[in-house]
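Visitor: Please find one structure pasted underneath; my questions will follow.
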Amino acid sequence: MPTGTARAGFLVGPPAVVAGRVLGWLGHAVALAIAAGCALVPLARGRAAGTPLLAGGPLLLVAVVLLTGALAAGGRTYRLVTAGLLVPVLATALLRPVAELRPGLLLVAAGAVVAVLAGAVRALPAKLRTGPRVGALVVAGGLAQIATLVTVVLAGGAVLRSLPPWRGAAAGPAPHWGWQLPVAVLLTAVAVALLLPRAARPVVAVVGGALVVLAAPAVAATPWPVVVAADLLAAVALLAVAVLRPRRRYTTVLVPALGGAVLLGHGLLVGLADPAGAGAALAVVAVAGALVAARGRRGTGGQPVVGGVALAAAVLAVPAGVAVGLIAAGAPPWWQLRGAFAAVGVLVVAVLAVRRHWPDLHGYASTGFAAALALVGAAPLAVPGAERVSHYATLGVLLTLAVGGGARPGLAPRLVGAGLSGLALLAVAPATLLVFVDLPVPIWSGAPAADRVPGAAGAGLTLLLLGAAAAAYARIVRGGRWVPALVGLPFGAAGLPVLLVAAGAPWPVAPVVAFAVGLAALLAAALAAPRPLLLPVTLPVGLALAVPGLGGLLATRAGTLAGLGALVVAAAVVGAAGRHIDTRLAGWLSGVLAAAGFAVTAALAGGLPLRTAAFGVLAVAVLVLFAAPALAAREAAAGPARKAATGPTPEAATGAGRAADATTGRGPALGMALEAAAQAVAVLALLLTGGALRHAAAVSALWGAAVALRVLRRGEPTSRRWVLAGIAGGSELLGGWLLLVAGGVALLEAYTAPAAGLAIAAGLVALRTRPGLNSWLALGPGLAAALLPSLVSVLVAADPQPWRRLALGVVALGAVLAGAVRRWQAPVLLGAATLVPLALHELARGWDLLPRWIYLGLGGLALIALAATYERRRRDLARLRTVVGRMS
């Protein structure tokens, strides 16, 4: 088939021609497939025509025929594929006799074949080079993968022989084919360089050179020092190539730098066989890193990046080199750790010098410093020697501040500083918590002996140093005085009592200091002007220290009184001068609670029984009751003055600001809260009597008198007067009842009559002052209390009780008459409801005193009279119902 026809269209033409073309190509393909299958048999056996030299000849012949057909009648893609396929087949045909006759030389032969084929492909004209070039790249790439894998395995074996560290290492193995590996790697690199574009040749040369260095120890049984020396020399050379000449292309800079880094890492790992080898490798890293940084920072493209990374590696190598040197000198582990930390401290000066002279590399230097500091600061967790991790972590935090040179440190030092701070806090947390847990003691158990807590000294010093570091950092970042003080406050406040306990300070020094610091923090939270972090810091710190401090003062009576007295004074100061109404309210309420506790404690400390202490608590309640109106009036008057003094705030336009301004006029709320607190304290005083009825009666009577006096205060609202009057009356009633119980009085009316009289009197006053109130709400409870208990006693009790029956009837009749006169429904109905059962009860009692016919006669007369006047009685009953219904 002519080539022009194939190009015009394989399936274009008459059907017979098209069918002939299809059958021809199918026959060609089937024949080649059969030929290829037959050619694989001698290739697999390694012999053809009786000689190994021709083992790949049949398969090569098939490939040549395939290429010939493609050149004769195939398209461009077909020709490229068959030409490319010819190269691997040719390589196979050349290498198969070597594998059969000289298998020990297969590796170097493969390298030579790949190089020759690459050169031959390179020599082809450009039009014919594409397909064979791809095939040659496939062959070279396959050999490169094999060589690289073998090289990596040998390099890894050299590293494994050096582990565990400092125990020496045997010389590497020397396989019989070892000398072929570097040659094969070199020839493969040459082949790949010939096949790839010119721009990729430097990269291929660098990668091939690094692999040759790693593969070179396979030539003979190479001692580990030689391997280290070769790696270090080659790494220095590659780093020099990366930065000595200005290069704009990143690949020509980064690939040599990465190759040098790989060789340095391999040399360092192999050098772990002995401290001298590791120290030499680290020294090379430090020196080469500094030189590369000095040269690279003046370069172009990626050279400054390479210089910065090299500088970071050099900084990281310094403390590691010091530690390895101390290992070589036979120093114990803790001295190795201390030496490395001292080296990190010296690096602060180096980093500051870099910031001054090489500011463009300061970030890299600070990152390397941060990495070294993180490793050394956390090393006590893994290094034996009982070194305290809190000390190293705390000093590391200080070094992160120092490396900033008075300015804000870089991101990496800040992150490491934060991590070391957390590590230090975790390390000292057990000792600190133990100190504060041991501060509270059983009440009045006596002054405890000074008890040293293990690790308290280090914990206290760590907390103080962390507080100083936090304050210094806040000063750098935010400036001013308040924010640094607030940031450092938690650490200093917690560290001071811990240090006192560690110093063996006698009681009550530690609890007094903790209590005083906590109280001062709470006062600052309440009195100081609003500032950032004020409440989130001072409030938790104050509570965390004041509570255990007060618990520690409970050991003696004097300490308890002093602590409660200080609480009373502090609460009064907060209530009088607090910045916010809620703060002042909390201060006054806390003061009331503390004063009540002080009263109880003072009485018990004086040897008085608890029931006597109730009068002291009652005195506190009376004081609060009479002080509440004055404090409420002061609050109401001081609200506008405070607002004018503080001026408008930025929050005034917001909802929160308007809500805050609205709270300045909550004087009545303060008064109500204090009065409620006074009532609660009075109830506490009553409970403290503990079943002593006369003491309880005295407390109730005195409280009722005090509340009654409060009712007389000028300017008291009417609603408040009613509430106070009810409380006063109830207190006096309770006092009277308690006295009656204490005296053994069993008369029912002695208990019900006062309560009923009080309720009726209050109802009468309510009817006069509240026109819309009905008689049931005003008088019903009092009348029920006066009549029903006595009626039940009369009806149920077995004894006659003549005077009680007479008095009950008189009172009930009086209630009916008074209700009828005043047109009050409740007295009329309740009195009638009492008189009817009472009359029936009297009738039942007198049933046996008269003859039966008298009752029958009276009943008959009553029925006759009712029948004669039935209609009029109905009208009278309806009129009575109407009159009663109209009553109020």
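Visitor: If a residue must be farther than 19 Å from residue 412 by Cα and surrounded by fewer than 23 Cβ atoms within 10 Å (Cβ to Cβ), how many such residues does the range 292-319 contain?
Guide: At the first step, the residues of the range 292-319 found to be farther than 19 Å from residue 412 by Cα are 292-304.
Then drop every residue that is not surrounded by fewer than 23 Cβ atoms within 10 Å (Cβ to Cβ), which leaves 294-295, 297-302, 304.
Of the residues in the range 292-319, 9 are farther than 19 Å from residue 412 by Cα and surrounded by fewer than 23 Cβ atoms within 10 Å (Cβ to Cβ).
Visitor: Among the residues of the range 522-544, is any within 30 Å of residue 692 (Cα to Cα) and buried (at least 22 other Cβ atoms within 10 Å of the Cβ)?
Guide: no
Visitor: A further question follows. So which pairs qualify, if the first residue must be in the range 277-295 and over 17 Å from residue 265 (Cα atoms), the second must be assigned to a helix (DSSP H, G or I) and open to solvent by 20 Å² or more (accessible area, probe 1.4 Å), the Cβ gap must be under 8 Å, and the two must be at least 6 apart or on different chains?
Guide: 293/364
Visitor: Please identify the pairs in which a residue from the range 599-618 that is more than 15 Å from residue 695 (Cα to Cα) and touching a residue at least 12 places away in the same chain (Cβ under 8 Å) has its Cβ atom under 7 Å from the Cβ atom of a residue that is open to solvent by 60 Å² or more (accessible area, probe 1.4 Å) and not aliphatic (A, V, I, L, M), counting only partners at least 6 apart or on another chain.
Guide: Hits for this filter: 605/557.
Visitor: Yes or no: the range 840-856 includes at least one residue that is among the hydroxyl-bearing types (Ser, Thr, Tyr), surrounded by 12 or more Cβ atoms within 10 Å (Cβ to Cβ) and at pLDDT below 70.
Guide: Taking every residue of the range 840-856 in turn, at least one turns out to be among the hydroxyl-bearing types (Ser, Thr, Tyr), surrounded by 12 or more Cβ atoms within 10 Å (Cβ to Cβ) and at pLDDT below 70.
Visitor: For the range 66-81, how many residues meet the condition of being modelled with pLDDT of 85 or more and either in contact with an Asp or Glu (Cβ under 6 Å, 6 or more places away or on another chain) or open to solvent by less than 60 Å² (accessible area, probe 1.4 Å) (or both)?
Guide: Taking the range 66-81 and keeping what is modelled with pLDDT of 85 or more, we get 80-81.
Retained after the next criterion (residues that are either in contact with an Asp or Glu (Cβ under 6 Å, 6 or more places away or on another chain) or open to solvent by less than 60 Å² (accessible area, probe 1.4 Å) (or both)): 80.
Total meeting the criteria: 1.
Visitor: Would you point out which residue out of 487, 416, 512, 435 is touching a residue at least 40 places away in the same chain (Cβ under 8 Å), within 21 Å of residue 372 (Cα to Cα) and either touching a His at 6+ places or on another chain (Cβ under 7 Å) or not acidic (Asp, Glu) (or both)?
Guide: After applying the criteria, what remains is 416.
Visitor: Another question about this same structure. Of all residues in the range 343-361, which are more than 28 Å from residue 333 (Cβ to Cβ) and either within 29 Å of the chain's Cα centre (by Cα) or open to solvent by 40 Å² or more (accessible area, probe 1.4 Å) (or both)?
Guide: 352, 353, 355, 356, 357, 358, 359, 360 - these are the residues of the range 343-361 that are more than 28 Å from residue 333 (Cβ to Cβ) and either within 29 Å of the chain's Cα centre (by Cα) or open to solvent by 40 Å² or more (accessible area, probe 1.4 Å) (or both).
Visitor: I'd like the full set of residues that are farther than 19 Å from residue 86 by Cβ and either touching a residue at least 60 places away in the same chain (Cβ under 8 Å) or open to solvent by 60 Å² or more (accessible area, probe 1.4 Å) (or both), limited to the range 37-49.
Guide: Across the range 37-49, the qualifying residues are 41, 44, 45, 47, 49.
Visitor: Cβ contacts < 8 Å: first residue farther than 15 Å from residue 309 by Cα, restricted to the range 236-253; second residue open to solvent by 50 Å² or more (accessible area, probe 1.4 Å), any location; separation 6+ or different chain. Result?
Guide: Final answer for the pair search is 244/295; 251/202; 252/202.
Matching residues to (1) open to solvent by 40 Å² or more (accessible area, probe 1.4 Å); (2) in contact with a Lys or Arg (Cβ under 9 Å, 6 or more places away or on another chain); (3) assigned to a helix (DSSP H, G or I):
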{"residue": "367", "(1), (2), (3)": "yes, no, yes"}
{"residue": "377", "(1), (2), (3)": "no, no, yes"}
{"residue": "384", "(1), (2), (3)": "yes, no, no"}
{"residue": "390", "(1), (2), (3)": "no, no, yes"}
{"residue": "401", "(1), (2), (3)": "no, no, yes"}
{"residue": "406", "(1), (2), (3)": "yes, no, no"}
{"residue": "427", "(1), (2), (3)": "yes, yes, yes"}
{"residue": "435", "(1), (2), (3)": "no, no, yes"}
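Visitor: What's the total number of residues in the range 207-231 that are open to solvent by 20 Å² or more (accessible area, probe 1.4 Å), aliphatic (A, V, I, L, M) and either assigned to a helix (DSSP H, G or I) or closer than 24 Å to residue 299 by Cβ (or both)? Let's see the steps before the verdict.
Guide: Of the residues in the range 207-231, the ones open to solvent by 20 Å² or more (accessible area, probe 1.4 Å) are 207, 209, 211-214, 216-217, 219-226, 229-230.
Subsequent filtering for residues that are aliphatic (A, V, I, L, M) retains 207, 211-214, 216, 219-221, 226, 229-230.
Remaining after also requiring either assigned to a helix (DSSP H, G or I) or closer than 24 Å to residue 299 by Cβ (or both): 207, 211-214, 216, 226, 229-230.
Selection size over the range 207-231: 9.
Visitor: Pairs only if they're at least six apart or on different chains, beta carbon under 7 angstrom, first in the range 55-75 and among the small types (Gly, Ala, Ser), second open to solvent by less than 40 Å² (accessible area, probe 1.4 Å) and in a loop (DSSP other than H, G, I, E, B); list them, first residue then second.
Guide: 55/46
Rundown of residues vs (1) of a type in the set (Gly, Ala, Ser); (2) within 17 Å of residue 105 (Cα to Cα), yes/no style:
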| site | (1), (2) |
| --- | --- |
| 152 | no, no |
| 160 | no, no |
| 175 | no, yes |
| 182 | no, yes |
| 185 | no, yes |
| 191 | yes, no |
| 199 | yes, no |
| 209 | yes, no |
| 224 | no, no |
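Visitor: If you don't mind, another one. Restricting the first residue to the range 804-825 and requiring it to be in a helix (DSSP H, G or I), which pairs with a second residue that is open to solvent by 50 Å² or more (accessible area, probe 1.4 Å) and among the hydroxyl-bearing types (Ser, Thr, Tyr) meet a Cβ separation below 7 Å and a spacing of at least six or different chains?
Guide: If the second residue must be open to solvent by 50 Å² or more (accessible area, probe 1.4 Å) and among the hydroxyl-bearing types (Ser, Thr, Tyr), the pairs left are 825/888.
Visitor: Let me ask something additional. What pairs come out if I take residues in the range 161-190 that are in a loop (DSSP other than H, G, I, E, B) and pair them with residues that are polar (S, T, N, Q) and open to solvent by less than 60 Å² (accessible area, probe 1.4 Å) whose C-beta lies under 9 Å away, six or more apart or interchain?
Guide: What qualifies is 168/162; 169/162; 171/222; 172/222; 174/222.
Visitor: Identify all residues within the range 200-241 that are under 49 Å from the mean Cα position of the chain (by Cα) and under 15 Å from residue 284 (Cβ atoms); write none if there are none.
Guide: Scanning the range 200-241 gives 228, 231, 232, 235, 236, 238, 239, 240.
Visitor: Okay, next question. Consider residue 117 carefully, then state whether it is open to solvent by 40 Å² or more (accessible area, probe 1.4 Å) and either over 19 Å from residue 273 (Cβ atoms) or within 51 Å of the chain's Cα centre (by Cα) (or both).
Guide: no
Visitor: Further question on the same structure: For the range 441-455, how many residues meet the condition of being open to solvent by 60 Å² or more (accessible area, probe 1.4 Å) and out of contact with any Lys or Arg (no Cβ under 8 Å at 6 or more places or on another chain)?
Guide: 9
Visitor: Please verify whether residue 646 is open to solvent by less than 70 Å² (accessible area, probe 1.4 Å) and either of a type in the set (Ser, Thr, Tyr) or modelled with pLDDT of 90 or more (or both), treating the condition exactly as stated.
Guide: Working: open to solvent by less than 70 Å² (accessible area, probe 1.4 Å): no; either of a type in the set (Ser, Thr, Tyr) or modelled with pLDDT of 90 or more (or both): yes.
So residue 646 fails the test.
Visitor: Give me a count of the residues in the range 584-631 that are open to solvent by 30 Å² or more (accessible area, probe 1.4 Å) and more than 30 Å from residue 445 (Cα to Cα).
Guide: Residues in the range 584-631 being open to solvent by 30 Å² or more (accessible area, probe 1.4 Å) and more than 30 Å from residue 445 (Cα to Cα): 9 in total.
Visitor: Same structure, new question: Is there a residue being out of contact with any His (no Cβ under 9 Å at 6 or more places or on another chain), closer than 25 Å to residue 308 by Cα and at pLDDT below 90 anywhere in the range 395-405?
Guide: Yes; the residues of the range 395-405 include at least one that is out of contact with any His (no Cβ under 9 Å at 6 or more places or on another chain), closer than 25 Å to residue 308 by Cα and at pLDDT below 90.
Visitor: Could you check residue 154 against (1) surrounded by fewer than 18 Cβ atoms within 10 Å (Cβ to Cβ); (2) under 21 Å from residue 219 (Cβ atoms); (3) touching a residue at least 24 places away in the same chain (Cβ under 8 Å) and say which number it fails?
Guide: So residue 154 meets the others, but not (1).
Visitor: Would you be able to tell me the number of residues in the range 518-549 that are in contact with a Pro (Cβ under 7 Å, 6 or more places away or on another chain) and basic (Lys, Arg)?
Guide: 0
Visitor: Another question about this same structure. I'm told residue 634 meets every condition in (1) surrounded by fewer than 17 Cβ atoms within 10 Å (Cβ to Cβ); (2) in contact (Cβ under 8 Å) with a residue 60 or more places away in the chain; (3) closer than 15 Å to residue 572 by Cα except one. Can you identify the failing condition by its number?
Guide: Condition (2) is where residue 634 drops out.
Visitor: Those residues that are assigned to a helix (DSSP H, G or I) and not small (Gly, Ala, Ser), I need them from the range 408-425; list them, please.
Guide: 411, 413, 414, 415, 416, 420, 423, 425
The values are calculated or read from the model by the stated rules, or taken from the named source; none is laboratory data. Quantities reported herein were computed from a predicted structural model and do not represent experimental measurements. When we count neighbours, we look across all protein chains shown, and the Cβ atoms used for this are built from the backbone with ideal geometry, even at glycine. Areas reflect the complete protein model, heavy atoms only, side chains present, ligands, DNA and RNA absent. Shrake-Rupley method; radii C 1.70, N 1.55, O 1.52, S 1.80 Å.
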